[in-house]
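As structure tokens, the structure follows; a few thoughts come after it.
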Amino acid sequence: MQQAPVTSELRLLRSERLKEMATDSANGQHQGTTKLPPQPSPLRSSKFCQSNMRILITGGAGFIGSHLVDRLMENEKNEVIVADNYFTGSKENLRKWIGHPRFELIRHDVTEPLLVEVDQIYHLACPASPIFYKYNPVKTIKTNVIGTLNMLGLAKRVGARILLTSTSEVYGDPLIHPQPETYWGNVNPIGVRSCYDEGKRVAETLMFDYHRQHGIEIRIARIFNTYGPRMNIDDGRVVSNFIAQAIRGEALTVQKPGTQTRSFCYVSDMV
Ligand SMILES: O=c1ccn([C@@H]2O[C@H](COP(=O)(O)OP(=O)(O)O[C@H]3OC[C@@H](O)[C@H](O)[C@H]3O)[C@@H](O)[C@H]2O)c(=O)[nH]1
């Protein structure tokens, strides 16, 4: 089969990636990386799409996802596709983009495969607040494991770069503060938070195995406790709870032991 022609921009990206991989292996990192990234989608060399970057955001109707959509839509060369099942996200968060020629919204659950031609994938889909991810733990772990497998399969098929939003919860109940990326965590595999903690840990493993085995270009962001506009007032997390309670003139509910700490991040700093 004839290979799709590669644009000069992509050729440059691939040669930079090759250099990076050579440096990584010289540094002893990512051992076992044997394959080059797959060829980018033929879409990239179509005369109609050459200047555009088509980006899929799973969970793009959610709190952080919708801010990421805003950020990516600011660049007029980006086309953004959002896939969301609206379990915790809302179309309301994307209202200003619905009907925009560079924007597309799909009702889709990532536990089912999705076939689209894209250059980049931002995989955010998963309930992130403890009250929502504990509501249906089996579904949460399916979303993290099967959902991430589906997105990696897509990335492999079309040669897209993929970013997984992971979590500070991969550190579990950490024994080291603050946690460096090199810390492996202290996670309970059978607790009520495990569907999320362990689900994200498996998702990270899948990302690295696809990278090592298939050469997929990957990124992982371990997100800590994020707050800001569009956060659901009933989200259940500490910042939204405290603000809602203060507005209603109620006492703030500080859960036991009361000495716990968190690293907070404003959403515009996150995206
Ligand atoms: O009303 C409340 C709510 C929460 N808390 C406490 O505040 C701390 C923070 O709890 P949150 O519910 O905001 O969420 P967590 O920090 O545990 O995890 C969350 O933020 C980090 C993300 O990566 C995770 O996706 C998300 O689960 C916990 O110790 C909790 O017990 C209160 O004291 N009062």
Worksheet item: Among the residues of segment 244-271, how many are hydroxyl-bearing (Ser, Thr, Tyr) and part of a helix (DSSP H, G or I)?
Response: 1
Fill in: Answer from Val145, Val118 - the residue that is on the phi < 0 side of the Ramachandran plot and part of a loop (DSSP other than H, G, I, E, B)
Val118
Discussion item. Just to be sure I understand, how many residues within segment 210-223 are within 16 Å of the ligand (Cβ to nearest atom), buried (at least 16 other Cβ atoms within 10 Å of the Cβ) and not β-branched (Val, Ile, Thr)?
Written reply: 1
Worksheet item: Could you say which residue among Pro174, Pro180 is of a type outside the set (Gly, Ala, Ser), farther than 22 Å from Ser66 by Cα, in a loop (DSSP other than H, G, I, E, B) and within 14 Å of the ligand (Cβ to nearest atom)?
Response: Pro174
Item to complete: Can you tell me which residue within segment 225-234, out of those that are loosely packed, with under 14 Cβ neighbours inside 10 Å and not aliphatic (A, V, I, L, M), is modelled with the highest pLDDT?
Response: Pro229
Worksheet item: Given the structure, is Glu112 closer than 23 Å to Leu72 by Cβ and either open to solvent by 30 Å² or more (accessible area, probe 1.4 Å) or in contact with a Gly (Cβ under 8 Å, 6 or more places away or on another chain) (or both)?
Response: no
Worksheet entry | Residue satisfying all of: in segment 121-152; open to solvent by less than 30 Å² (accessible area, probe 1.4 Å) and more than 14 Å from the ligand (Cβ to nearest atom); farthest from Tyr86 (Cα to Cα) among these | Leu152
Worksheet item: Out of Pro101, Pro137, Pro130, which single residue is touching a Cys at 6+ places or on another chain (Cβ under 6 Å) and either of a type outside the set (Lys, Arg) or on the phi < 0 side of the Ramachandran plot (or both)?
Response: Pro137
Discussion item. Quick check on segment 235-263: of everything there that is more than 7 Å from the ligand (Cβ to nearest atom) and surrounded by 13 or more Cβ atoms within 10 Å (Cβ to Cβ), which residue is farthest from the chain's Cα centre (by Cα)?
Written reply: Gln245
Practice prompt. Determine which member of the set Ile162, Ile216 is part of a strand (DSSP E or B), touching a residue at least 24 places away in the same chain (Cβ under 8 Å), over 12 Å from Ser129 (Cα atoms) and hydrophobic (A, V, I, L, M, F, W, C).
Written response: Ile162
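The values are calculated or read from the model by the stated rules, or taken from the named source; none is laboratory data. A quick note: this is a predicted structure, and the numbers were derived from the prediction, not measured. Every residue, glycine among them, receives a Cβ derived from its backbone with ideal geometry; neighbour counts consider all protein chains shown. Protein only, heavy atoms only, side chains kept; ligands, DNA and RNA dropped before computing areas. Shrake-Rupley method; radii C 1.70, N 1.55, O 1.52, S 1.80 Å.
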